[in-house]
Amino acid sequence: MKTPKRIQPLVDDGLIDEVISQLMSGKEATVYMVRSGNEIRCAKVYKEAIKRSFKKAAQYQEGRKSRNSRRSRAMEKGSSYGREQQEHAWQNAEVDALYKCANAGIRVPTPFGCFDGVLLMELITDSQGDVAPRLNDIELSAEQALADHATMMRSITKMLCVGIVHGDLSEFNVLLDENGPVIIDLPQAVDASANNNAKAMLARDVNNMTHYYAQFAPELKQTHYAKEMWSLYEKGKLFPETELTGEFIEDTTSADVVSILEEIQAAFDEEQERRERINEANEL
């Protein structure tokens, strides 16, 4: 196919030899299958902020700090230079998160670098060498659903242990290859200790995955992994090897009406966003 304008500089520099096809176009980026030497990889071309439809971006950017004080001030003021730096920070966040996850033993695509808004990374394939399917495109047995759900809970735990919350995790952001689930799409990953929305985002991530797997293993509906994880994390007792039970006993000594209302609103927002993701997936 014709080389997209944004990818041409990578071809000129020898990082990509050929653009094979477009894989998908989503709310934040368009992904292409490319050839680099003898390897087939994927190139994720981020959309410019003005063209992105990703909602509530400010919530995800909270807590992201630039080491350069001038950049930090510009980003806070919202100047043209600041917006440009904020855009770079948004794109680099995914690269940083991918490296952190890979180093922590979490299954994510191997990144090869981000060049002028184009992330070059590993292409996840199935046992036949075809592009691995997203979870929402497959059916699972109850046994496989339970096993993969356990794998996802361990992965989310490991992410939290290195200070990362995915922030947009669902069956649309997980691929399934012959070795199990692979987590993708992390530009909105947040700092668990620096972002005030991290707890709610973790709960949404965990609940999205549990809701998906519960279609095949209904007993998962009774689990409370998010609350268990965050409680252990706040106490400094969550570790990569922590064996979670999915059980959590609420402290009912004093009811917090505000927190209860916030949870109800969060559940409503979660369902609305889930429906939006399904609609977007059906449009691709």
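Brief remarks follow.
- Subtracting the Cα-Cα distance of Ser36 and His211 from their residue separation scaled by 0.36 nm leaves 59.2 nm.
- Cβ-placed point charges (K, R +1; D, E -1), dipole of region 126-204 about Cα centre in debye, nearest 20: 560
- Label-to-label distance, nm, for residues given as Val11 and Asp191 (7 Å Cα→Cβ offset): 3.9
- Full extension of the chain between Glu262 and Asp126 gives 44.9 nm of extra length, using 0.36 nm per residue less the Cα-Cα distance.
Read-outs: derived from the displayed coordinates by stated rules, not from any lab. All values derive from a computational prediction rather than experimental measurement. Reconstructed Cβ throughout: ideal geometry from the backbone, glycine too, with neighbour counts over all protein chains shown.
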